[in-house]
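Below is one structure, written out as structure tokens; comments come after it.
The values are calculated or read from the model by the stated rules, or taken from the named source; none is laboratory data. Treat the numbers as computed from the prediction; the structure is a model and nothing was measured. So basically every Cβ, Gly included, is an ideal-geometry build from the backbone, and we count neighbours across all protein chains shown.
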Amino acid sequence: MKYYFNYEISCYALVKLSDRKHLPANKWRMSLRAPLGKVTSKGRSFALHVALILRDKIVCGRIDTIDGIATPVTEQEDRPKYKAPALAKGIAILELLAKSSEPLTLSGISDSLDRSRNEIFRMVQDLQTLGYIRRSTSDDGYELTNRLFTLGIEQPKVASLLEVALPEMRRFAKRSGQSCHIATPFDGEFVVIARIESPGDTSFAVRVGVRHALHQGASGMVLFAHQPSDVQEEWRELIATKDPDFNASILDKKAVQIKKDGYYSQRSNFVDGVMDVGAPIISGGRAIASLTSPCITKLARGKKLPLPIEELIDAAVKISAGLSPK
């Protein structure tokens, strides 16, 4: 059995198999998977150091999230049956641009992915030709187009949701004088996939494509509260990996009350003076989306108008009913 060094994630632990004693973790930004003694120049010094000091009693593998003990990676166990390095490279570029708050230059992309400019250049040109990325308007780097988002929206289940939801969202905006949006869950976050602005003179609306952690907004809180326990547990773990200050007990306590009330309202965590009101869109016994209105204070004859809670709940219930099998 051959042991492989595997640096496909950023952090790995070394473990002495004889007494399972932990050694210091080593962090790497590179992707490297090769047999001991046959590594690339970037990893050779580290591999030889391990071989010289620890010999074959040390293996490097993925960290076990339960007890922190690394497991050996064998040639048979961890080698993909088929490899598509060009595809992996292209997806890595797309994911990098998706997470960046500003356009990235060719050098910025190659440095972040620890790859040469030449191999990145050809892939960037292909992605640009296919319409997945573009030069920014200021011409200071590359950014994503909305092509991937459009592909996601064209999924039958999402298209069906919007087909039912948009008419009700327009009715809500007209009746309440407030804008509203639909958000769906993804990887421990909620993502805004559609919005309708208020037809009035003044309104506040959230941009389509905005994403935040589930526990940081009314949309995410409503989604979490209306999930089965196993899904909630999975989402808690996803949130915790991204937010070291996350308090699961506070989230769980709020979720119980939200499910009881059938809606949730809170002051916006992102814009002062905005009250977010959210209600679940239910299908198959769980929330597949949330309908949320970022409400601004409106006046009528000098008096504040109440939040359109009942109107929002009614719209969400009608959308849910439209998604149910007839």
Item to check | Residue list for region 269-326, restricted to those being crowded, with 18+ Cβ neighbours inside 10 Å and more than 20 Å from Glu197 (Cα to Cα) | outcome: Ile282, Ser283, Ala287, Ile288, Ser320, Leu323
Checklist outcome for this item: When restricted to Arg301, Arg286, the only residue within 21 Å of Arg211 (Cβ to Cβ), charged (D, E, K, R) and at pLDDT below 95 is Arg286
Next on the checklist: Take the residues in region 127-147 that are in contact with a helix residue (DSSP H, G or I) (Cβ under 7 Å, 6 or more places away or on another chain) and more than 15 Å from Ser107 (Cβ to Cβ); name whichever of them is surrounded by the most Cβ atoms within 10 Å (Cβ to Cβ).
Outcome noted: Ile133
Checklist entry - Looking at region 173-280, what strands (runs of 3 or more DSSP E) fall wholly within it and have at least 1 residues that are among the charged types (D, E, K, R), without any contact (Cβ under 8 Å) to a residue 40 or more places away in the chain and under 20 Å from Glu163 (Cα atoms)? => result 189-196
Item to check | The one condition in (1) in contact with a Gly (Cβ under 9 Å, 6 or more places away or on another chain); (2) at positive phi; (3) not β-branched (Val, Ile, Thr) that Gly209 fails to fulfil | outcome: (1)
Next on the checklist: Out of everything in region 289-314 that is in a helix (DSSP H, G or I) and over 27 Å from the mean Cα position of the chain (by Cα), what residue ends up being nearest to Asn269 (Cα to Cα)?
Outcome noted: Ile309
